[in-house]
Amino acid sequence: MLDIPLLVRVHVDALIAAQNDMGVCDAIERNEPVGKPTAMSAPHLPKVAGIDSAVPAPAQTSSPMPAFPAAPAPPGAVIQDRLAGWVSDLTTLHELTERLARTGSLDEALHELLRAGAALVGARRGMVVLEPPPGTSRANDCFDEGRGPALTKRLGFTHAELGHIETVPRSAIAYGRILDGRLPDGQPGPAGQPEAVADGDLLGDKTLDPRYREVAVRLGYAASYTLPLASTAAGTLGAAVWMYDEPAAPVERQCHLVGLYMRYATEHLDRLLELEHARATVATVAEELLPSRLPRVPGVQLAARHRTGPRGGGDWYDALPLPEGALGLAVGSVSGAGPSALAAMGRLRASLRAYAVMEGEDPVAVLSDLELLLRLTEPARTATALFAYAEPARRKIVLAGAGHTPPLVVGERRTEFVETSLSAPLGMLACWEAPSVELSPEPGETVLLYTDGLLRRTGDPMDRAFARLHAAAASVPMPARDNPAAIADHVLRTVLPEGLDEADGGEDVVLLAARFD
(Lines give C-alpha, C1' and ligand atoms only; values in the text may rest on other atoms or scores of the structure.)
Protein backbone atom coordinates (compact mmCIF):
# COMPACT_ATOMS: atom_id res chain seq x y z
CA MET A 1 0.00 0.00 0.00
CA LEU A 2 1.25 3.46 -0.81
CA ASP A 3 2.12 5.57 2.22
CA ILE A 4 1.16 9.07 1.02
CA PRO A 5 2.30 10.92 4.19
CA LEU A 6 5.67 9.19 3.87
CA LEU A 7 5.94 10.35 0.24
CA VAL A 8 5.20 13.89 1.36
CA ARG A 9 7.94 13.78 4.01
CA VAL A 10 10.46 12.31 1.57
CA HIS A 11 9.83 15.02 -1.03
CA VAL A 12 9.91 17.77 1.59
CA ASP A 13 13.21 16.54 3.06
CA ALA A 14 14.75 16.21 -0.41
CA LEU A 15 13.74 19.71 -1.44
CA ILE A 16 14.91 21.28 1.84
CA ALA A 17 18.25 19.56 1.36
CA ALA A 18 18.40 20.82 -2.22
CA GLN A 19 17.61 24.34 -1.05
CA ASN A 20 20.37 24.19 1.56
CA ASP A 21 22.85 22.92 -1.02
CA MET A 22 21.89 25.76 -3.37
CA GLY A 23 22.52 28.27 -0.59
CA VAL A 24 26.00 26.82 0.00
CA CYS A 25 26.82 27.04 -3.72
CA ASP A 26 25.70 30.68 -3.83
CA ALA A 27 27.87 31.49 -0.86
CA ILE A 28 30.92 29.89 -2.45
CA GLU A 29 30.36 31.82 -5.68
CA ARG A 30 30.25 35.09 -3.71
CA ASN A 31 33.44 34.16 -1.79
CA GLU A 32 31.45 34.12 1.45
CA PRO A 33 32.17 31.77 4.30
CA VAL A 34 29.61 28.99 4.40
CA GLY A 35 27.11 29.52 7.14
CA LYS A 36 27.85 33.25 7.51
CA PRO A 37 24.64 35.27 7.89
CA THR A 38 23.72 37.32 4.87
CA ALA A 39 23.36 40.46 6.95
CA MET A 40 27.08 40.36 7.76
CA SER A 41 28.17 40.24 4.12
CA ALA A 42 28.84 43.36 2.10
CA PRO A 43 26.33 43.85 -0.70
CA HIS A 44 27.59 42.85 -4.11
CA LEU A 45 25.59 44.57 -6.85
CA PRO A 46 25.92 43.20 -10.36
CA LYS A 47 27.77 45.02 -13.17
CA VAL A 48 25.60 45.88 -16.15
CA ALA A 49 27.09 46.87 -19.55
CA GLY A 50 30.54 47.44 -18.09
CA ILE A 51 29.33 49.96 -15.55
CA ASP A 52 30.21 49.36 -11.97
CA SER A 53 26.97 50.10 -10.21
CA ALA A 54 28.87 50.69 -6.97
CA VAL A 55 30.41 53.89 -8.40
CA PRO A 56 28.01 56.85 -8.64
CA ALA A 57 27.49 58.51 -12.03
CA PRO A 58 29.35 61.79 -12.76
CA ALA A 59 27.54 64.93 -11.64
CA GLN A 60 27.61 66.57 -15.12
CA THR A 61 25.66 63.71 -16.63
CA SER A 62 22.20 65.04 -17.29
CA SER A 63 20.75 62.05 -19.10
CA PRO A 64 18.99 59.55 -16.89
CA MET A 65 20.59 56.28 -16.07
CA PRO A 66 19.50 53.44 -18.35
CA ALA A 67 16.99 51.07 -16.78
CA PHE A 68 18.67 47.97 -15.47
CA PRO A 69 16.97 44.58 -16.13
CA ALA A 70 15.38 43.01 -13.10
CA ALA A 71 17.65 40.72 -11.17
CA PRO A 72 16.81 37.04 -11.67
CA ALA A 73 14.91 35.33 -8.88
CA PRO A 74 17.24 33.70 -6.39
CA PRO A 75 17.51 29.92 -6.73
CA GLY A 76 16.00 29.49 -3.28
CA ALA A 77 12.72 31.05 -4.41
CA VAL A 78 12.47 28.59 -7.32
CA ILE A 79 13.07 25.69 -4.97
CA GLN A 80 10.45 27.01 -2.56
CA ASP A 81 7.88 27.36 -5.34
CA ARG A 82 8.60 23.86 -6.53
CA LEU A 83 8.42 22.55 -2.97
CA ALA A 84 5.06 24.24 -2.42
CA GLY A 85 3.71 22.73 -5.65
CA TRP A 86 4.83 19.23 -4.74
CA VAL A 87 3.45 19.47 -1.22
CA SER A 88 0.12 20.70 -2.62
CA ASP A 89 -0.01 17.83 -5.13
CA LEU A 90 0.82 15.19 -2.56
CA THR A 91 -1.66 16.64 -0.09
CA THR A 92 -4.36 16.40 -2.75
CA LEU A 93 -3.29 12.83 -3.51
CA HIS A 94 -3.44 11.98 0.18
CA GLU A 95 -6.97 13.36 0.50
CA LEU A 96 -8.17 11.44 -2.56
CA THR A 97 -6.71 8.14 -1.39
CA GLU A 98 -8.23 8.66 2.06
CA ARG A 99 -11.63 9.13 0.45
CA LEU A 100 -11.12 5.98 -1.58
CA ALA A 101 -10.05 4.02 1.49
CA ARG A 102 -13.31 4.94 3.24
CA THR A 103 -15.41 3.23 0.55
CA GLY A 104 -16.74 -0.10 1.72
CA SER A 105 -18.27 -1.53 -1.43
CA LEU A 106 -17.04 -2.15 -4.95
CA ASP A 107 -19.64 0.17 -6.48
CA GLU A 108 -18.70 3.08 -4.20
CA ALA A 109 -14.99 2.56 -4.84
CA LEU A 110 -15.40 2.61 -8.62
CA HIS A 111 -17.45 5.81 -8.57
CA GLU A 112 -14.90 7.47 -6.28
CA LEU A 113 -12.06 6.35 -8.55
CA LEU A 114 -13.74 7.95 -11.56
CA ARG A 115 -14.35 11.25 -9.77
CA ALA A 116 -10.83 11.46 -8.37
CA GLY A 117 -9.17 10.48 -11.65
CA ALA A 118 -11.18 13.07 -13.57
CA ALA A 119 -10.02 15.76 -11.13
CA LEU A 120 -6.38 14.68 -11.41
CA VAL A 121 -6.20 14.57 -15.21
CA GLY A 122 -8.53 17.51 -15.83
CA ALA A 123 -11.25 15.59 -17.64
CA ARG A 124 -15.02 15.79 -17.37
CA ARG A 125 -16.16 12.29 -18.31
CA GLY A 126 -14.83 8.79 -17.91
CA MET A 127 -15.53 5.10 -17.48
CA VAL A 128 -13.93 2.18 -15.71
CA VAL A 129 -14.10 -1.44 -16.82
CA LEU A 130 -13.38 -4.09 -14.21
CA GLU A 131 -12.56 -7.57 -15.47
CA PRO A 132 -10.34 -9.75 -13.27
CA PRO A 133 -8.19 -12.36 -14.97
CA PRO A 134 -10.25 -15.38 -16.10
CA GLY A 135 -10.01 -18.48 -13.98
CA THR A 136 -9.59 -16.64 -10.69
CA SER A 137 -12.06 -16.90 -7.84
CA ARG A 138 -12.93 -13.24 -8.27
CA ALA A 139 -13.87 -13.74 -11.92
CA ASN A 140 -15.76 -16.95 -11.29
CA ASP A 141 -17.96 -15.79 -8.44
CA CYS A 142 -18.27 -12.01 -8.76
CA PHE A 143 -18.63 -11.61 -12.53
CA ASP A 144 -20.07 -13.24 -15.59
CA GLU A 145 -17.33 -14.76 -17.67
CA GLY A 146 -17.54 -14.93 -21.41
CA ARG A 147 -19.91 -11.97 -21.76
CA GLY A 148 -17.54 -9.07 -22.43
CA PRO A 149 -16.65 -6.48 -19.81
CA ALA A 150 -17.94 -7.83 -16.55
CA LEU A 151 -18.49 -4.58 -14.66
CA THR A 152 -18.57 -1.10 -16.17
CA LYS A 153 -19.14 2.21 -14.36
CA ARG A 154 -19.52 5.60 -15.99
CA LEU A 155 -19.00 9.27 -15.14
CA GLY A 156 -20.74 11.96 -17.19
CA PHE A 157 -22.23 9.44 -19.62
CA THR A 158 -25.77 8.17 -19.81
CA HIS A 159 -26.46 4.47 -19.94
CA ALA A 160 -27.28 4.73 -23.65
CA GLU A 161 -24.04 6.62 -24.39
CA LEU A 162 -22.07 3.97 -22.56
CA GLY A 163 -23.79 1.39 -24.74
CA HIS A 164 -22.52 3.20 -27.85
CA ILE A 165 -18.93 2.89 -26.58
CA GLU A 166 -19.39 -0.80 -25.82
CA THR A 167 -20.43 -1.43 -29.44
CA VAL A 168 -16.88 -0.63 -30.57
CA PRO A 169 -14.69 -3.77 -30.80
CA ARG A 170 -12.45 -4.09 -27.78
CA SER A 171 -9.38 -4.39 -29.98
CA ALA A 172 -10.04 -0.86 -31.32
CA ILE A 173 -9.96 0.82 -27.90
CA ALA A 174 -6.99 1.20 -25.59
CA TYR A 175 -8.78 -0.24 -22.54
CA GLY A 176 -9.87 -3.26 -24.59
CA ARG A 177 -6.31 -4.01 -25.65
CA ILE A 178 -5.16 -3.67 -22.04
CA LEU A 179 -7.82 -6.09 -20.81
CA ASP A 180 -7.03 -8.57 -23.57
CA GLY A 181 -3.29 -8.34 -23.00
CA ARG A 182 -2.62 -6.80 -26.42
CA LEU A 183 -0.87 -3.57 -25.48
CA PRO A 184 -0.74 -0.68 -27.96
CA ASP A 185 3.02 -0.80 -28.25
CA GLY A 186 3.27 -4.52 -27.68
CA GLN A 187 5.48 -4.03 -24.62
CA PRO A 188 4.67 -4.00 -20.92
CA GLY A 189 5.76 -1.23 -18.59
CA PRO A 190 8.93 -1.25 -16.47
CA ALA A 191 7.22 -3.29 -13.76
CA GLY A 192 5.85 -5.82 -16.23
CA GLN A 193 2.42 -4.18 -16.21
CA PRO A 194 0.68 -2.32 -19.05
CA GLU A 195 1.34 1.40 -19.28
CA ALA A 196 -0.95 4.38 -19.73
CA VAL A 197 -2.17 5.25 -23.22
CA ALA A 198 -2.79 8.88 -24.23
CA ASP A 199 -4.88 9.52 -27.35
CA GLY A 200 -4.52 13.27 -27.63
CA ASP A 201 -6.51 13.68 -30.86
CA LEU A 202 -8.99 10.92 -31.61
CA LEU A 203 -10.43 12.69 -34.63
CA GLY A 204 -7.09 13.42 -36.23
CA ASP A 205 -5.51 10.02 -35.61
CA LYS A 206 -6.06 8.10 -38.86
CA THR A 207 -4.73 4.87 -37.36
CA LEU A 208 -7.78 4.46 -35.09
CA ASP A 209 -10.72 2.30 -36.04
CA PRO A 210 -13.28 4.43 -37.95
CA ARG A 211 -16.07 3.09 -35.76
CA TYR A 212 -14.30 4.41 -32.67
CA ARG A 213 -13.92 7.86 -34.24
CA GLU A 214 -17.59 7.78 -35.22
CA VAL A 215 -18.64 7.05 -31.64
CA ALA A 216 -16.32 9.79 -30.34
CA VAL A 217 -17.92 12.32 -32.69
CA ARG A 218 -21.41 11.21 -31.71
CA LEU A 219 -20.68 11.52 -27.98
CA GLY A 220 -18.66 14.72 -28.31
CA TYR A 221 -15.22 13.84 -26.98
CA ALA A 222 -11.97 14.37 -28.85
CA ALA A 223 -9.23 12.88 -26.65
CA SER A 224 -8.81 10.19 -24.02
CA TYR A 225 -6.34 9.04 -21.42
CA THR A 226 -6.37 5.36 -20.42
CA LEU A 227 -4.75 3.83 -17.35
CA PRO A 228 -4.65 0.15 -16.36
CA LEU A 229 -5.73 -1.11 -12.96
CA ALA A 230 -2.80 -3.45 -12.56
CA SER A 231 -0.27 -4.58 -9.99
CA THR A 232 2.22 -7.40 -9.71
CA ALA A 233 0.21 -9.19 -7.02
CA ALA A 234 -3.29 -8.69 -8.40
CA GLY A 235 -2.56 -8.78 -12.12
CA THR A 236 -4.64 -6.63 -14.46
CA LEU A 237 -8.01 -6.04 -12.83
CA GLY A 238 -9.32 -3.62 -15.43
CA ALA A 239 -8.75 -0.20 -16.94
CA ALA A 240 -10.03 3.35 -16.53
CA VAL A 241 -10.36 5.89 -19.33
CA TRP A 242 -11.12 9.60 -19.09
CA MET A 243 -12.40 11.65 -22.04
CA TYR A 244 -11.71 15.28 -23.00
CA ASP A 245 -14.10 17.49 -24.96
CA GLU A 246 -11.19 18.96 -26.97
CA PRO A 247 -7.86 17.52 -28.16
CA ALA A 248 -5.74 17.41 -25.01
CA ALA A 249 -3.45 15.25 -22.92
CA PRO A 250 -2.44 15.39 -19.26
CA VAL A 251 0.91 16.99 -18.48
CA GLU A 252 3.74 15.08 -16.86
CA ARG A 253 2.78 16.23 -13.36
CA GLN A 254 -0.80 15.01 -13.81
CA CYS A 255 0.35 11.68 -15.21
CA HIS A 256 2.62 11.15 -12.22
CA LEU A 257 -0.13 11.89 -9.68
CA VAL A 258 -2.83 9.81 -11.33
CA GLY A 259 -0.36 6.95 -11.73
CA LEU A 260 0.31 6.94 -7.98
CA TYR A 261 -3.41 7.11 -7.32
CA MET A 262 -4.15 4.18 -9.62
CA ARG A 263 -1.52 2.04 -7.90
CA TYR A 264 -3.30 2.53 -4.59
CA ALA A 265 -6.73 2.09 -6.21
CA THR A 266 -5.66 -1.27 -7.67
CA GLU A 267 -4.70 -2.59 -4.25
CA HIS A 268 -7.91 -1.30 -2.70
CA LEU A 269 -10.10 -2.76 -5.44
CA ASP A 270 -8.32 -6.09 -5.18
CA ARG A 271 -9.21 -6.24 -1.48
CA LEU A 272 -12.83 -5.32 -2.22
CA LEU A 273 -13.02 -8.02 -4.89
CA GLU A 274 -11.84 -10.60 -2.39
CA LEU A 275 -14.45 -9.34 0.05
CA GLU A 276 -17.17 -9.54 -2.61
CA HIS A 277 -16.05 -13.08 -3.39
CA ALA A 278 -16.34 -14.04 0.29
CA ARG A 279 -19.78 -12.44 0.56
CA ALA A 280 -20.98 -14.20 -2.57
CA THR A 281 -19.76 -17.53 -1.21
CA VAL A 282 -21.51 -16.99 2.13
CA ALA A 283 -24.74 -15.97 0.41
CA THR A 284 -24.61 -19.03 -1.85
CA VAL A 285 -24.07 -21.40 1.08
CA ALA A 286 -26.89 -19.75 3.05
CA GLU A 287 -29.31 -20.07 0.14
CA GLU A 288 -28.38 -23.70 -0.41
CA LEU A 289 -29.17 -24.49 3.23
CA LEU A 290 -32.67 -23.00 2.94
CA PRO A 291 -35.64 -24.50 1.07
CA SER A 292 -35.17 -24.42 -2.69
CA ARG A 293 -38.94 -23.96 -3.11
CA LEU A 294 -41.98 -23.64 -0.88
CA PRO A 295 -44.52 -26.48 -0.78
CA ARG A 296 -48.01 -26.26 -2.24
CA VAL A 297 -50.62 -27.09 0.38
CA PRO A 298 -54.36 -26.62 -0.27
CA GLY A 299 -55.89 -23.74 1.68
CA VAL A 300 -52.72 -21.70 2.19
CA GLN A 301 -50.37 -19.59 0.06
CA LEU A 302 -46.74 -19.10 1.06
CA ALA A 303 -44.02 -16.55 0.30
CA ALA A 304 -40.59 -16.06 1.84
CA ARG A 305 -37.94 -13.36 1.73
CA HIS A 306 -34.37 -13.81 2.93
CA ARG A 307 -31.51 -11.30 3.11
CA THR A 308 -28.06 -12.52 4.15
CA GLY A 309 -25.74 -10.18 6.02
CA PRO A 310 -22.14 -9.59 4.87
CA ARG A 311 -20.69 -12.07 7.36
CA GLY A 312 -23.42 -14.65 6.94
CA GLY A 313 -25.67 -15.17 9.92
CA GLY A 314 -27.70 -18.11 11.08
CA ASP A 315 -31.27 -16.94 10.35
CA TRP A 316 -33.43 -19.52 8.61
CA TYR A 317 -36.99 -20.50 7.73
CA ASP A 318 -38.77 -23.67 6.69
CA ALA A 319 -42.15 -24.86 5.43
CA LEU A 320 -42.79 -28.58 5.59
CA PRO A 321 -45.90 -30.47 4.38
CA LEU A 322 -47.09 -32.89 7.07
CA PRO A 323 -49.58 -35.80 7.09
CA GLU A 324 -53.32 -35.20 6.80
CA GLY A 325 -52.94 -31.91 4.92
CA ALA A 326 -51.11 -30.15 7.76
CA LEU A 327 -48.23 -27.74 7.34
CA GLY A 328 -45.24 -27.03 9.56
CA LEU A 329 -43.89 -23.46 9.55
CA ALA A 330 -40.66 -22.52 11.28
CA VAL A 331 -38.29 -19.59 11.61
CA GLY A 332 -35.19 -19.36 13.76
CA SER A 333 -31.85 -17.75 14.37
CA VAL A 334 -28.57 -19.27 15.52
CA SER A 335 -26.13 -17.18 17.53
CA GLY A 336 -22.92 -16.08 15.86
CA ALA A 337 -21.98 -15.37 12.28
CA GLY A 338 -19.82 -16.80 9.54
CA PRO A 339 -19.35 -20.36 8.31
CA SER A 340 -19.77 -21.95 11.74
CA ALA A 341 -23.14 -20.26 12.25
CA LEU A 342 -24.24 -21.35 8.79
CA ALA A 343 -23.27 -24.95 9.53
CA ALA A 344 -25.10 -24.88 12.87
CA MET A 345 -28.15 -23.41 11.17
CA GLY A 346 -28.18 -26.23 8.62
CA ARG A 347 -27.97 -28.89 11.34
CA LEU A 348 -30.68 -27.24 13.42
CA ARG A 349 -33.08 -26.91 10.50
CA ALA A 350 -32.57 -30.53 9.47
CA SER A 351 -33.19 -31.71 13.03
CA LEU A 352 -36.36 -29.65 13.37
CA ARG A 353 -37.74 -31.16 10.16
CA ALA A 354 -37.24 -34.66 11.63
CA TYR A 355 -38.92 -33.77 14.92
CA ALA A 356 -41.78 -32.04 13.05
CA VAL A 357 -42.53 -35.21 11.08
CA MET A 358 -42.58 -37.32 14.23
CA GLU A 359 -44.52 -35.04 16.60
CA GLY A 360 -45.38 -31.87 14.70
CA GLU A 361 -48.88 -31.57 16.20
CA ASP A 362 -47.19 -30.69 19.49
CA PRO A 363 -44.91 -27.68 18.85
CA VAL A 364 -43.72 -27.65 22.48
CA ALA A 365 -42.41 -31.21 22.14
CA VAL A 366 -40.68 -30.31 18.86
CA LEU A 367 -38.82 -27.38 20.43
CA SER A 368 -38.03 -29.38 23.58
CA ASP A 369 -36.35 -32.08 21.50
CA LEU A 370 -34.50 -29.41 19.54
CA GLU A 371 -33.28 -27.78 22.74
CA LEU A 372 -31.99 -31.09 24.09
CA LEU A 373 -30.12 -31.78 20.86
CA LEU A 374 -28.57 -28.32 20.84
CA ARG A 375 -27.49 -28.59 24.48
CA LEU A 376 -25.86 -32.00 23.92
CA THR A 377 -24.16 -31.37 20.58
CA GLU A 378 -23.34 -27.63 20.72
CA PRO A 379 -23.31 -26.52 24.35
CA ALA A 380 -21.62 -23.21 23.55
CA ARG A 381 -24.32 -22.05 21.14
CA THR A 382 -27.81 -20.67 21.62
CA ALA A 383 -30.70 -20.26 19.21
CA THR A 384 -34.16 -18.82 18.97
CA ALA A 385 -36.92 -20.66 17.15
CA LEU A 386 -40.64 -20.60 16.48
CA PHE A 387 -42.56 -23.60 15.20
CA ALA A 388 -46.20 -23.55 14.09
CA TYR A 389 -48.39 -26.54 13.27
CA ALA A 390 -51.01 -25.31 10.82
CA GLU A 391 -54.18 -27.07 9.63
CA PRO A 392 -55.36 -24.94 6.69
CA ALA A 393 -58.63 -26.85 6.24
CA ARG A 394 -59.65 -25.94 9.79
CA ARG A 395 -57.85 -22.55 9.72
CA LYS A 396 -56.14 -23.48 12.97
CA ILE A 397 -52.55 -22.86 14.07
CA VAL A 398 -50.82 -24.14 17.19
CA LEU A 399 -47.43 -22.55 17.79
CA ALA A 400 -44.67 -22.29 20.36
CA GLY A 401 -41.67 -19.99 20.53
CA ALA A 402 -38.31 -20.11 22.26
CA GLY A 403 -37.05 -16.57 22.75
CA HIS A 404 -38.42 -15.60 19.36
CA THR A 405 -40.33 -12.58 18.12
CA PRO A 406 -44.12 -12.99 18.05
CA PRO A 407 -45.96 -13.55 14.74
CA LEU A 408 -48.04 -10.78 13.21
CA VAL A 409 -51.54 -11.32 11.80
CA VAL A 410 -52.53 -9.06 8.90
CA GLY A 411 -56.15 -8.96 7.80
CA GLU A 412 -58.93 -6.69 6.64
CA ARG A 413 -60.25 -6.12 10.16
CA ARG A 414 -57.13 -6.47 12.28
CA THR A 415 -53.37 -6.11 12.32
CA GLU A 416 -52.04 -7.44 15.61
CA PHE A 417 -49.23 -9.40 17.18
CA VAL A 418 -49.95 -12.88 18.52
CA GLU A 419 -49.55 -12.97 22.28
CA THR A 420 -47.00 -15.69 23.02
CA SER A 421 -45.57 -16.52 26.43
CA LEU A 422 -42.13 -15.20 27.26
CA SER A 423 -39.47 -17.90 27.15
CA ALA A 424 -35.72 -18.18 27.00
CA PRO A 425 -33.83 -19.09 23.80
CA LEU A 426 -32.79 -22.67 23.23
CA GLY A 427 -29.61 -23.70 24.98
CA MET A 428 -29.80 -21.21 27.84
CA LEU A 429 -31.71 -23.26 30.43
CA ALA A 430 -31.19 -26.79 31.72
CA CYS A 431 -34.65 -27.70 30.48
CA TRP A 432 -36.74 -25.59 28.15
CA GLU A 433 -40.51 -25.67 28.09
CA ALA A 434 -43.21 -23.08 27.40
CA PRO A 435 -46.94 -23.33 26.77
CA SER A 436 -48.20 -23.31 23.21
CA VAL A 437 -50.64 -20.77 21.74
CA GLU A 438 -53.61 -21.50 19.49
CA LEU A 439 -54.58 -19.13 16.69
CA SER A 440 -57.51 -19.14 14.28
CA PRO A 441 -56.87 -16.89 11.28
CA GLU A 442 -59.90 -15.61 9.39
CA PRO A 443 -60.27 -16.25 5.64
CA GLY A 444 -57.94 -13.92 3.74
CA GLU A 445 -55.71 -13.19 6.73
CA THR A 446 -51.93 -13.55 6.51
CA VAL A 447 -49.62 -14.67 9.31
CA LEU A 448 -46.12 -13.17 9.19
CA LEU A 449 -43.24 -15.06 10.81
CA TYR A 450 -39.92 -13.20 10.93
CA THR A 451 -36.57 -13.03 12.69
CA ASP A 452 -35.32 -10.20 14.88
CA GLY A 453 -32.90 -9.14 12.13
CA LEU A 454 -35.86 -7.40 10.47
CA LEU A 455 -36.19 -5.24 13.58
CA ARG A 456 -32.49 -4.74 14.27
CA ARG A 457 -31.71 -3.48 10.77
CA THR A 458 -33.93 -0.47 11.40
CA GLY A 459 -31.47 0.82 14.00
CA ASP A 460 -34.39 1.76 16.29
CA PRO A 461 -35.01 0.56 19.85
CA MET A 462 -37.02 -2.63 19.87
CA ASP A 463 -40.29 -1.02 20.96
CA ARG A 464 -40.10 1.50 18.12
CA ALA A 465 -39.04 -1.24 15.68
CA PHE A 466 -42.13 -3.31 16.63
CA ALA A 467 -44.31 -0.24 16.11
CA ARG A 468 -42.66 0.35 12.75
CA LEU A 469 -43.37 -3.23 11.69
CA HIS A 470 -46.98 -2.99 12.84
CA ALA A 471 -47.50 0.24 10.89
CA ALA A 472 -45.93 -1.28 7.77
CA ALA A 473 -48.23 -4.31 7.92
CA ALA A 474 -51.29 -2.16 8.54
CA SER A 475 -50.48 0.00 5.50
CA VAL A 476 -50.48 -2.87 3.00
CA PRO A 477 -52.77 -1.80 0.12
CA MET A 478 -56.00 -3.74 -0.12
CA PRO A 479 -55.30 -5.11 -3.66
CA ALA A 480 -51.99 -6.54 -2.41
CA ARG A 481 -53.48 -8.41 0.54
CA ASP A 482 -54.51 -11.32 -1.66
CA ASN A 483 -50.86 -12.06 -2.48
CA PRO A 484 -48.47 -13.05 0.35
CA ALA A 485 -45.45 -12.15 -1.81
CA ALA A 486 -46.79 -8.62 -2.32
CA ILE A 487 -47.41 -8.32 1.43
CA ALA A 488 -43.86 -9.44 2.24
CA ASP A 489 -42.36 -7.04 -0.30
CA HIS A 490 -44.42 -4.11 1.00
CA VAL A 491 -43.42 -4.80 4.59
CA LEU A 492 -39.74 -5.04 3.68
CA ARG A 493 -39.80 -1.80 1.65
CA THR A 494 -41.61 0.06 4.41
CA VAL A 495 -39.67 -1.22 7.39
CA LEU A 496 -36.28 -1.13 5.68
CA PRO A 497 -36.18 1.82 3.25
CA GLU A 498 -33.13 3.46 1.64
CA GLY A 499 -31.17 0.30 1.02
CA LEU A 500 -31.48 -1.19 4.52
CA ASP A 501 -32.83 -4.34 2.91
CA GLU A 502 -29.71 -4.86 0.79
CA ALA A 503 -27.48 -7.90 1.27
CA ASP A 504 -24.75 -5.91 3.05
CA GLY A 505 -27.12 -4.32 5.57
CA GLY A 506 -25.66 -6.18 8.58
CA GLU A 507 -28.18 -8.52 10.22
CA ASP A 508 -29.82 -11.42 8.44
CA VAL A 509 -33.50 -10.93 7.62
CA VAL A 510 -36.11 -13.66 7.26
CA LEU A 511 -39.79 -13.04 6.52
CA LEU A 512 -42.23 -15.92 5.96
CA ALA A 513 -45.82 -15.07 4.97
CA ALA A 514 -48.68 -17.60 5.07
CA ARG A 515 -52.05 -16.44 3.71
CA PHE A 516 -55.06 -18.60 4.56
CA ASP A 517 -57.90 -18.90 2.04
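The values are calculated or read from the model by the stated rules, or taken from the named source; none is laboratory data. Quantities reported herein were computed from a predicted structural model and do not represent experimental measurements. Cβ: placed from backbone, ideal geometry, glycine included. Neighbour counts: every protein chain shown. Side chains are part of the model used for accessible areas, which takes the heavy atoms of the whole protein and leaves out ligands, DNA and RNA. Shrake-Rupley method; radii C 1.70, N 1.55, O 1.52, S 1.80 Å.
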Q) Asp81: open to solvent by 20 Å² or more (accessible area, probe 1.4 Å), modelled with pLDDT under 95, in a helix (DSSP H, G or I) and closer than 23 Å to Leu179 by Cα, yes or no? A) no
Q) Is it the case that Leu373 is touching a Ser or Thr at 6+ places or on another chain (Cβ under 7 Å), surrounded by 16 or more Cβ atoms within 10 Å (Cβ to Cβ), over 18 Å from Val510 (Cα atoms) and of a type outside the set (Ser, Thr, Tyr)? A) yes
Q: Those residues that are closer than 15 Å to Asp245 by Cβ, outside any helix (DSSP H, G or I) and open to solvent by less than 30 Å² (accessible area, probe 1.4 Å), I need them from the range 201-220; list them, please.
A: Leu202
Q: Would you mind stating whether Glu419 is touching a residue at least 40 places away in the same chain (Cβ under 8 Å) and open to solvent by 50 Å² or more (accessible area, probe 1.4 Å)?
A: no
**Q.** Members of the range 131-155 found to be open to solvent by 50 Å² or more (accessible area, probe 1.4 Å) and either modelled with pLDDT of 60 or more or among the polar types (S, T, N, Q) (or both), listed by number
**A.** Asn140, Arg154
Q) Does any residue in the range 357-381 that is under 22 Å from Ala341 (Cβ atoms) come within less than 7 Å, Cβ to Cβ, of a residue that is open to solvent by 30 Å² or more (accessible area, probe 1.4 Å) and of a type in the set (Ser, Thr, Tyr) six or more places away or on a different chain, and which pairs are these? A) Val366/Tyr355; Asp369/Tyr355; Leu370/Tyr355; Arg381/Ser335
Q | Residue satisfying all of: in the range 390-403; touching a residue at least 24 places away in the same chain (Cβ under 8 Å) and open to solvent by 30 Å² or more (accessible area, probe 1.4 Å); nearest to the chain's Cα centre (by Cα) among these | A | Gly403
Q. When both residues are 6+ apart or on different chains and their Cβ atoms are under 7 Å apart, which pairs have a first residue that lies in the range 475-495 and is in contact (Cβ under 8 Å) with a residue 12 or more places away in the chain, and a second that is assigned to a helix (DSSP H, G or I) and open to solvent by 50 Å² or more (accessible area, probe 1.4 Å)?
A. Ser475/Thr494; Val495/Arg468
Q. Can you tell me which of Leu439, Leu449, Leu454 is closer than 30 Å to Thr377 by Cα and either open to solvent by 30 Å² or more (accessible area, probe 1.4 Å) or free of Cβ contacts under 8 Å to residues at least 60 places away in the same chain (or both)?
A. Leu454
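Here is a yes/no grid of residues against (1) open to solvent by 60 Å² or more (accessible area, probe 1.4 Å); (2) among the basic types (Lys, Arg):
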site: Pro247; (1), (2): yes, no
site: Glu252; (1), (2): yes, no
site: His256; (1), (2): yes, no
site: His268; (1), (2): no, no
site: Arg271; (1), (2): yes, yes
site: Ala278; (1), (2): no, no
site: Val282; (1), (2): no, no
site: Glu287; (1), (2): yes, no
